[in-house]
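The values are calculated or read from the model by the stated rules, or taken from the named source; none is laboratory data. Bear in mind the structure is a predicted one, so any value in this text is a computation, not a measurement. Glycine also receives a Cβ, built like all others from the backbone with ideal geometry; neighbour counts cover every protein chain displayed. Side chains included, ligands, DNA and RNA excluded: accessible areas come from the protein's heavy atoms. Shrake-Rupley method; radii C 1.70, N 1.55, O 1.52, S 1.80 Å.
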Amino acid sequence: MFSFNMFDHPIPRVFQNRFSTQYRCFSVSMLAGPNDRSDVEKGGKIIMPPSALDQLSRLNITYPMLFKLTNKNSDRMTHCGVLEFVADEGICYLPHWMMQNLLLEEGGLVQVESVNLQVATYSKFQPQSPDFLDITNPKAVLENALRNFACLTTGDVIAINYNEKIYELRVMETKPDKAVSIIECDMNVDFDAPLGYKEPERQVQHEESAEGEADHSGYAGELGFRAFSGSGNRLDGKKKGVEPSPSPIKPGDIKRGIPNYEFKLGKITFIRNSRPLVKKVEEDEAGGRFVAFSGEGQSLRKKGRKP
């Protein structure tokens with residue numbers, strides 16, 4: 001008699017707590033049903049079939065459920081969470097931006113594996129358009145949008161919807177790992193310059209010093225404006241006496257305006273009277289000697305009638 005102890009060394013069960021399967025992926029717009037599932041496009045979670053929930057419940061996996069999606073044809077991968085288990089068997093539904101990152105087409109095969117990710121502490125994003133700068137508080141908008149995400153992967157281009165407009169942001173860096181979980185975490189967020197952004201050129205303004213006196217020696221040669229210096233026309237068509245004969249202008253009569261050295265960019269100054277006011281001393285003295293009823297009257301009758 002021979003006895004064989006075939007079970008002295010138990011068979012190792014390496015994949016006993018790991019979920020790994022393939023699905024045909026479609027965008028959320030292909031999901032059948034009366035309800036609008038546009039909320040799936042606003043986040044980073046997928047919809048899986050009910051059989052996946054049954055298989056996951058039998059495994060000793062950690063929560064929250066996080067998955068690694070891999071496109072073996074293009075060697076692209078990303079990470080996501082799960083929203084519901086209502087898809088048809090053998091099919092999973094992904095947001096459109098996630099399918100673009102994986103270079104997947106409608107009906108393409110995607111490998112879905114369960115993973116454990118570290119909690120995020122830092123992330124850096126780069127907007128893909130300068131239009132993102134029009135948002136008043138971008139950090140608050142991003143924080144509100146990331147509530148629909150479960151994890152982040154370095155290199156992904158995520159899409160957020162704000163004010164009926166879609167903004168794309170590239171994940172430039174994540175800590176402590178290249179793929180992190182952002183569920184119930186305290187994460188510092190930083191932004192890089194948007195793609196295609198150019199800083200405005202600053203114009204250097206040279207301020208002229210008003211300490212030195214200007215040289216007015218060249219002003220004498222400039223005639224400037226002269227009133228009634230043009231030629232005239234006669235009704236009879238003759239040219240006699242129509243040529244201008246302006247009086248000569250002395251260099252001392254030419255006056256140049258005084259520049260406003262207190263001028264500031266963006267400030268408009270209305271000068272009510274550019275000429276200095278002349279003190280009317282004579283009127284003030286006359287006002288002090290005012291006498292009522294001091295005028296002279298006129299009579300229609302002639303004075304000194306003859307008898």
Among residues of region 86-101 being surrounded by 20 or more Cβ atoms within 10 Å (Cβ to Cβ) and in a loop (DSSP other than H, G, I, E, B), the residue farthest from the chain's Cα centre (by Cα) is ALA87
Might you check whether a residue that is assigned by the TED database to the domain that holds PRO138, closer than 22 Å to LEU69 by Cβ and open to solvent by 60 Å² or more (accessible area, probe 1.4 Å) occurs anywhere in region 157-165?
yes
Being among the β-branched types (Val, Ile, Thr) and either closer than 30 Å to THR21 by Cβ or open to solvent by 20 Å² or more (accessible area, probe 1.4 Å) (or both) is the filter here; which residues of region 128-140 pass it?
THR136
Can you give me the number of residues within region 107-127 that are assigned to a loop (DSSP other than H, G, I, E, B) and open to solvent by 50 Å² or more (accessible area, probe 1.4 Å)?
2
Suppose the filter is under 30 Å from GLU199 (Cα atoms), basic (Lys, Arg) and open to solvent by 10 Å² or more (accessible area, probe 1.4 Å); does LYS68 pass it?
no
Failed item in (1) at pLDDT 90 or above; (2) not in a helix (DSSP H, G or I), with ARG147 passing the rest
(2)
Kindly establish whether LEU104 is in a loop (DSSP other than H, G, I, E, B), open to solvent by less than 60 Å² (accessible area, probe 1.4 Å) and at pLDDT 90 or above.
yes
